[in-house]
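The values are calculated or read from the model by the stated rules, or taken from the named source; none is laboratory data. All values derive from a computational prediction rather than experimental measurement. Positions of Cβ are backbone-derived with ideal geometry, glycine not excepted, and every protein chain shown enters the neighbour counts.
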Amino acid sequence: MNAPPPALLRCVDGASALALAGRRRAAPLDPERSRAVQEILERVQRGGDAALLAEIARIEGTRAKHLSELKLSRETLARAAERIDVQLLDALEGVIERVRRFQTAVLPQSTELRGAAGERLLQRIVPLRRVGVYVPGGKALYPSSVIMNVVPAQCAGVGSIAVVTPPRAGHDGQPKVADVLLAALYLCGVEEVWTFGGAQAIAALAFGTESLEAVDKIAGPGNAWVATAKALVADRVGIDMIAGPSEVMILADDDADPDAVAADLLAQAEHDEEASAVLVSTEPALAGRLSVRLAARLEELPEPNRSIARASLRDHGLHVAARSVDEAIAVAEAWAPEHLELCLRDAAAVAERITRAGAVFVGDATPEVVGDYVAGPSHTLPTAGCARFASGLSSADFVRRMSVIEYGSAALRRDRAWIEGLARAEGLHAHARSARAGRRERGGEGA
């Protein structure tokens, strides 16, 4: 009789998992990388186009005389879309529509309040004027990231969107941006696409150059150099978040399908060697069945996905043996995972008790990949326990809330004493006197 495969996930009890959750936080910025990135940022800020081109040549190996050579036309995007398989093109169009529908529905609306003395108070929702979106070009292609970052900004009413994306070596060895990314950009209606990346791209977006106008906010994932650059320019422009390695936590009981659980753990693990896949199970017998399915499904993956997933499970995978559903929920709440799957008999009821997760996926028929691609909410989500206080990206992240206050004479007379009392309590006598300064009567109100 063949021996069962060795467990691919380290097993701990619920108490140990709670202790681990208390130590979860985003990795600090590497000091040496931070210094190198800061130098790149400063050179581009001082030197504009010339310095940016020099950094692109030094780091990416792409040489151009003018930055305009690295800007793609709409015609180039259109030709790429024509080369895409029709079924894939249909999928991209469908997903864009799904995301657009959801992000329009969740967009905050302006609110107006009229007071008894005629004052008008307004919270106005104002779209950002210009946004930069970083589309990574590393180990995998992410047309979904194009959609999940560009469409929410468009739904918010952002008028100008600049996309930066580094080229990859094509089949002929020449660097190019993959057709599927360009097709997604074309279908989204993006007008401004630059073919360079890295910290130098973040510098260009944050500070601007002669050819590339600075933005108000930068969104989109990237490697450690991009994340460091975003952190270092966050005092100058808005950023979506500093995303760490991707992660999933699955709560499962005796009703869960081991094969589906194994598939979903691997779907996360193949992202990156640093990604984490965590199972919290209330069913002791699931461990053995899961090990068999996990090992089998791992061997079915092609390279390099198989090696990446194996390293991820080995170094960051975890199987938490919970004593009850209540303990499993407590672990999830303490962990505050980016993605939380509920493969439980009472998944909908448990979902009502979850308050700390980037996104929750309810029931066996809702694998996390549904959120990655087609559901509608953005898949850009907080990692490393940041779901305790942060939310996933949405159209709301591309607008500002601005207060508009309009008083008439009657309202000012009513509130004058309160203003004076509070101002004097704070020792701000000019504030108090401002409320008494002579002002013209307005709007037919009596003296």
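Here are a few things to note about the model shown:
- Hits in segment 65-84 - residues which are more than 17 Å from C188 (Cα to Cα), without any contact (Cβ under 8 Å) to a residue 24 or more places away in the chain and in a loop (DSSP other than H, G, I, E, B): K65
- Here E270 meets the list (1) farther than 25 Å from V350 by Cβ; (2) surrounded by fewer than 20 Cβ atoms within 10 Å (Cβ to Cβ) almost entirely, failing just condition (2).
- Criterion violated by L8 - all others in (1) part of a helix (DSSP H, G or I); (2) touching a Lys or Arg at 6+ places or on another chain (Cβ under 9 Å); (3) under 30 Å from R289 (Cα atoms) satisfied: (1)
- In segment 228-239, the residues that are in a loop (DSSP other than H, G, I, E, B) and either in contact with a helix residue (DSSP H, G or I) (Cβ under 6 Å, 6 or more places away or on another chain) or buried (at least 24 other Cβ atoms within 10 Å of the Cβ) (or both): V233, R236, V237
- Only one entry in V350, V325, V404 is more than 23 Å from A260 (Cα to Cα), touching a residue at least 24 places away in the same chain (Cβ under 8 Å), of a type outside the set (G, A, S) and in contact with a strand residue (DSSP E or B) (Cβ under 9 Å, 6 or more places away or on another chain), namely V404.
- Unique residue being assigned to a strand (DSSP E or B) and either over 20 Å from A17 (Cα atoms) or at pLDDT below 95 (or both) when the list is I242, I218: I218
- Residue count for segment 120-159, restricted to those that are crowded, with 24+ Cβ neighbours inside 10 Å, modelled with pLDDT of 95 or more and polar (S, T, N, Q): 1.
- Odd one out for E274 among (1) over 15 Å from E338 (Cα atoms); (2) touching a Ser or Thr at 6+ places or on another chain (Cβ under 8 Å); (3) not assigned by TED's automatic domain parsing to the domain that holds A162: (1)
- Where G427 falls short, out of the listed (1) assigned to a loop (DSSP other than H, G, I, E, B); (2) at pLDDT 95 or above; (3) closer than 19 Å to A117 by Cα: (3)
- Residue check for A349: over 28 Å from E97 (Cβ atoms), outside the structural domain of L113 (by TED's automatic domain parsing) and part of a helix (DSSP H, G or I): yes
- Given (1) surrounded by fewer than 16 Cβ atoms within 10 Å (Cβ to Cβ); (2) at pLDDT 95 or above; (3) not hydroxyl-bearing (S, T, Y), index of the condition G288 fails: (2)
- For D13: the one exception among (1) under 30 Å from A296 (Cβ atoms); (2) at pLDDT 95 or above; (3) among the acidic types (D, E): (2)
- Of the residues making up segment 328-346, those that are in contact (Cβ under 8 Å) with a residue 24 or more places away in the chain and assigned to a helix (DSSP H, G or I) are A328, I329, A330, V331, A332, A334, W335.
- Residues that are in contact with a Lys or Arg (Cβ under 7 Å, 6 or more places away or on another chain) and small (G, A, S) within segment 308-333 comprise just one, G317.
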